[in-house]
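Comments concern the structure below.
The values are calculated or read from the model by the stated rules, or taken from the named source; none is laboratory data. Just so it is clear, the structure is predicted and the values come from calculations on it, not from any experiment. Quick reminder, even Gly has a Cβ in these numbers, built from the backbone with ideal geometry, and neighbours come from all protein chains shown.
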């Protein structure tokens, strides 16, 4: 049962859903000099951006993850770093104009922690990235 799908309409009435470009990290390209360039597969999704709870902030602080942090809910399975599967480094990019809220416009966020994962949806902690 997709609980996120059931409640997202009601939550969206209070805190609107926003479009985001999700970038799933792929295999990096290695240059002749040994430098590596990341590659991404992109898709556009609708996400719910919220503040972290006090318990989630405390958990991330214990992992030494600091900075500007938010929580996103979305359909699908997205990841932070998952070394055994050589996965991770997924990013969110928000458009530079409406309907994205002003505080998110034109920003890029890195997935730093999976907070909840279910068959149909997940909740992720994301960290603002400097360009």
**Request:** Just give me the residues in the range 97-109 being modelled with pLDDT of 90 or more, part of a loop (DSSP other than H, G, I, E, B) and either surrounded by 17 or more Cβ atoms within 10 Å (Cβ to Cβ) or in contact with a helix residue (DSSP H, G or I) (Cβ under 8 Å, 6 or more places away or on another chain) (or both), in sequence order.
**Result:** 104, 107
**Asked** Is the range 54-70 home to any residue that is modelled with pLDDT of 90 or more, assigned to a strand (DSSP E or B), surrounded by 10 or more Cβ atoms within 10 Å (Cβ to Cβ) and in contact with a strand residue (DSSP E or B) (Cβ under 6 Å, 6 or more places away or on another chain)?
**Response** yes
**Complete:** Going through the range 1-22 in order, the residues found to be modelled with pLDDT under 90 and in contact with a strand residue (DSSP E or B) (Cβ under 9 Å, 6 or more places away or on another chain) are 2, 3, 4, 5, 8, 11, 12, 15, 16, 17
**Qualifying residues in the range 75-96 (those that are more than 11 Å from the chain's Cα centre (by Cα) and at pLDDT 85 or above) - the one surrounded by the fewest Cβ atoms within 10 Å (Cβ to Cβ)** = 96
**Request:** Report, ordered by the first and then the second residue, all pairs with beta carbons closer than 8 Å, sequence separation of six or more or different chains, a first member in the range 72-83 that is under 19 Å from residue 108 (Cβ atoms), and a second member that is in a strand (DSSP E or B) and modelled with pLDDT under 75.
**Result:** 79/87; 81/87
**Within the range 35-53, considering residues that are modelled with pLDDT of 90 or more and not in a strand (DSSP E or B), the one surrounded by the most Cβ atoms within 10 Å (Cβ to Cβ)** = 52
